[in-house]
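Colleague: One structure follows; several queries about it will come next.
The values are calculated or read from the model by the stated rules, or taken from the named source; none is laboratory data. Predicted, not measured: the structure shown is a model, and the values here were computed from it. Here Cβ is always computed from backbone atoms with ideal geometry, including for glycine, and neighbour counts include all displayed protein chains. SASA here: full protein model, heavy atoms, side chains in, ligands and nucleic acids out. Shrake-Rupley method; radii C 1.70, N 1.55, O 1.52, S 1.80 Å.
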Amino acid sequence: MKKMLIVYYSWSNGNTKGIAKKLGEATVADLVKINTVIPYTGSYDEVVNQGQDEVNRGYQPEIEPLSVNIKDYDVIAVGTPAWWYTMAPAVLTFLNGSEWKDKLVIPFITHGGWPGHAIRDIKNVCIGASFPCEMEIQFDSTGGDQLKTTQNEIDAWIKTVKNSL
């Protein structure tokens, strides 16, 4: 069985964190959260505006070192909320600071109806990786935590992930 790590970034409602935890429980994978050195502060709308600016500039915030070495893992699930049609800037920082050759990468995106090109962007950064399964998980479009993707769809994806190990 391959050794799996789940790395995720989650900011407002913890939607991405919740999906990462469910995947971790089902796969018995290690779970690590990406934290920015300077946390986002302000209202939801202020952070959304800051996020849009950062995505538009290609900004990569400094992140805290992870408590694990991804070289020790065969499979890395990468979870991110969609920020302006792509991954959160902190996830881009993480991906650009890692080696992906011969890794299995499982991207999963949480979004409010506009996943954009986040999964494609993750694949473009993870040069040399394979992508056995991916998932876009929709929540309500108001920035809330009401799940729109069915639990059956999520469970089927988790089963596919487990079968890829």
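Colleague: For the list (1) touching a residue at least 12 places away in the same chain (Cβ under 8 Å); (2) open to solvent by 70 Å² or more (accessible area, probe 1.4 Å); (3) under 22 Å from Ile76 (Cα atoms), I need the number of the one condition that Thr142 fails.
Modeller: Answer for Thr142: the failing condition is (3).
Colleague: Among the residues of the range 148-165, write down those that are without any contact (Cβ under 8 Å) to a residue 24 or more places away in the chain and touching a strand residue (DSSP E or B) at 6+ places or on another chain (Cβ under 6 Å).
Modeller: Thr149
Colleague: I've got another one for you. In the range 84-93, what count of residues is obtained for those that are surrounded by 24 or more Cβ atoms within 10 Å (Cβ to Cβ) and either aromatic (Phe, Trp, Tyr) or not in a helix (DSSP H, G or I) (or both)?
Modeller: Adding up the residues that qualify gives 2.
Colleague: Among the residues of the range 137-154, write down those that are more than 17 Å from the chain's Cα centre (by Cα), part of a helix (DSSP H, G or I) and within 14 Å of Gly18 (Cβ to Cβ).
Modeller: Taking the range 137-154 and keeping what is more than 17 Å from the chain's Cα centre (by Cα), we get 140-142, 144, 146, 148, 150-153.
Now narrow it down to the ones that are part of a helix (DSSP H, G or I): 151-153.
Listed by number, the list holds a single entry, Gln151.
Colleague: Can you tell me how many residues within the range 113-132 are touching a residue at least 24 places away in the same chain (Cβ under 8 Å) and surrounded by 12 or more Cβ atoms within 10 Å (Cβ to Cβ)?
Modeller: Start the filter on the range 113-132 by keeping residues that are touching a residue at least 24 places away in the same chain (Cβ under 8 Å), which leaves 113-118, 121-122, 125-132.
Cutting the leftovers down to surrounded by 12 or more Cβ atoms within 10 Å (Cβ to Cβ) gives us 115-118, 121-122, 125-126, 129-132.
Number of matching residues: 12.
Quick grid of which residues meet (1) in contact with an Asp or Glu (Cβ under 9 Å, 6 or more places away or on another chain); (2) not in a strand (DSSP E or B); (3) not acidic (Asp, Glu):
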| position | (1), (2), (3) |
| --- | --- |
| Lys2 | yes, yes, yes |
| Gly24 | yes, yes, yes |
| Tyr40 | yes, yes, yes |
| Val47 | no, yes, yes |
| Gln50 | no, yes, yes |
| Pro61 | yes, yes, yes |
| Pro65 | no, yes, yes |
| Ala77 | no, no, yes |
| Ala82 | yes, no, yes |
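Colleague: I'd like the full set of residues that are surrounded by 13 or more Cβ atoms within 10 Å (Cβ to Cβ) and in contact (Cβ under 8 Å) with a residue 40 or more places away in the chain, limited to the range 59-75.
Modeller: To start, the set of residues in the range 59-75 that are surrounded by 13 or more Cβ atoms within 10 Å (Cβ to Cβ) comprises 59-61, 63, 66, 68, 70, 73-75.
Correct list: Leu66, Val68, Ile70, Tyr73, Asp74, Val75.
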